[in-house]
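Engineer: Have a look at this one.
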Amino acid sequence: MTTGATREMVGAAFAGRYAIPAFNVFDDFSMRAVLQAAAELDSPVIIQVSVKTVRSLGAAYLRALFLARAREVSVPAALHLDHCPERAVITAALEAGFDSLLFDASDRSYDAALVETREVVEQARGFGAAVESEIEGIRGVEDGVGSEEEGGRYSVSRVGRFVAATGVDFFAPAIGTAHGRYSAAPRLSPERINALVEATGIPQVLHGGTGLAAVDFADLVGRGCAKVNVSTAIKEGYLRGGYGELRNAAEKDHWDPPRFFAAATEAATEAARTHIRMLGSAGKAA
Ligand code: 13P
């Protein structure tokens, strides 16, 4: 494995018009599940964790776990902090050695977001880490961060000025996707991706990957979404897989935790395989 490479991985994907899957994990088993899928399909992969997971397990522990598990596979992997509005958590992740982070400033005004994002980029550069930026609220709550309403969108030229002034590496725009399951087909604004790529010159990040159709992925990736976040599908796979085994255990009245974790892990691996295939990253691990 090679680590520390979020920028290189996403940059290569952007140039080649495929996307790096960024899977949210929450423990050792889910981390191994997505690394296993990436290894089987020879795909680079980003492992990401929420602020909630950092609070529950600790940034240093997550980094050590990531390094131990990523060493077991031969594909490029990086560790990323997802949606983080809190500067103290960003500092903890950088000090622990995370490769990249999403500074989520969508709760700030444009001017405040600009000042703070510039500071975060400067701080991250000192650690060699990459910064993803979000200033437009993407609908849906991800592990306690976010809102059920989509926030306002900025004009493409304002986003262009923001990216130039802050030096962020990737931008996560609002284009109609949402975190969690879709209750109705999303109304996407794919042309916004082309305009943002044109205005900023940097890779765009697609949030709300769970539940999008293969044709939408192909279209959005082709336009310049080079990192695609998938969380709910991994969590659902894990818990549904585990639940099947729990029912089995109850039927037999035989309670064996390793069987529970094996079933949960395999189902999460299958969810990751499905997404890797749709994002075109299979076979791209150099
Ligand atoms: P989903 O839970 O819809 O896959 O979204 C994940 C995400 O965008 C994490 O930032």
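Engineer: With +1 on each Lys and Arg Cβ and -1 on each Asp and Glu Cβ, and nothing else charged, work out how big the dipole of the stretch 155-265 is about its Cα centre, in Debye to the nearest 20.
Structural biologist: 260 debye
Engineer: Let me have the 222 nm mean residue ellipticity of the chain computed from DSSP H runs of 4+ only, each contributing -39500 (n - 2.57), with the sum over all residues rounded to the nearest 500.
Structural biologist: Theoretical 222 nm ellipticity from helices: -16500 deg cm²/dmol.
Engineer: Separate question: Considering only Arg247, Arg17, Arg108, give the residue with the highest GNM mean-square fluctuation for the chain, with springs between Cα atoms whenever their separation is below 10 Å.
Structural biologist: Arg247
Engineer: Cut-off 10 angstrom, C-alpha nodes, Gaussian network model of the chain. Which of Glu134, Glu191, Glu40 fluctuates the most?
Structural biologist: Among Glu134, Glu191, Glu40, the largest mean-square fluctuation in the Gaussian network model of the chain belongs to Glu191.
Engineer: Further, regarding this structure: Under Stokes-Einstein, with the Kirkwood radius over Cα pairs standing in for Rh, what whole-number D in µm²/s applies to the stretch 65-206 at 20 °C and 1.002 mPa s?
Structural biologist: Reported coefficient: 135 µm²/s.
Engineer: Once the convex hull of the C-alpha atoms of the chain is built, how many Å³ does it hold per residue, rounded to a whole number?
Structural biologist: Cα convex hull per residue, to the nearest whole number: 118 Å³.
Engineer: For the chain, give the magnitude of the charge dipole about the Cα centre (Cβ charges: +1 Lys/Arg, -1 Asp/Glu; no others), in debye to the nearest 20.
Structural biologist: Dipole magnitude for the chain comes out near 380 debye.
Engineer: Right, here's the next one. Once the Cα atoms of the stretch 190-286 are picked out, what are the Rg and Dmax in Å?
Structural biologist: Answer for the stretch 190-286, Rg first and Dmax second: 17.9, 61 Å.
Engineer: May I pose another question? Counting DSSP beta bridges with both partners in the chain, what percentage is antiparallel, nearest 5? Write out the running numbers ahead of the final one.
Structural biologist: Numbers: 3 of 31 bridges.
Percent antiparallel among DSSP bridges in the chain is about 10.
Engineer: Based on the mean of other Cβ atoms within 10 Å per residue, sort peptides 50-56, 156-162 so the most packed one is first.
Structural biologist: 50-56, 156-162
Engineer: Number of Lys-Lys pairs in the chain under 28 Å by Cα, sequence gap 8 or more or different chains?
Structural biologist: For the chain, the number of qualifying lysine pairs is 6.
Engineer: Normalised by the residues of the chain, what does the relative contact order come to in percent, with Cα pairs under 8 Å and at least six apart?
Structural biologist: On the way: 584 pairs, mean separation 67.3, N = 286.
Result for the chain is 24 percent.
Engineer: Right, another one. Quick one: what are the phi-derived ³J(HN,Hα) couplings along the stretch 91-104, Karplus 6.51/-1.76/1.60 with θ = phi - 60°, whole Hz, x for glycine and proline?
Structural biologist: Values per residue, Gly and Pro as x: 4, 4, 5, 5, 5, 6, x, 3, 7, 6, 7, 9, 7, 9 Hz.
Engineer: Once Rh for the stretch 204-259 is found with the Kirkwood sum over Cα pairs, what is the Stokes-Einstein diffusion coefficient at 37 °C and 0.692 mPa s, in µm²/s?
Structural biologist: D = 242 µm²/s.
Engineer: Show the residues, 5+ positions off or on another chain, whose built amide H is closer than 5 Å to the amide H of Gly140.
Structural biologist: Amide H neighbours of Gly140: Ser147, Glu148, Glu149, His179.
Any read-out appearing in this document is the output of simple, stated calculations on the displayed coordinates, not a laboratory observation. For clarity, every value in this text was computed on a predicted model and none was experimentally measured. FYI the Cβ positions are ideal-geometry reconstructions off the backbone, even for glycines, and counts take in every protein chain you see.
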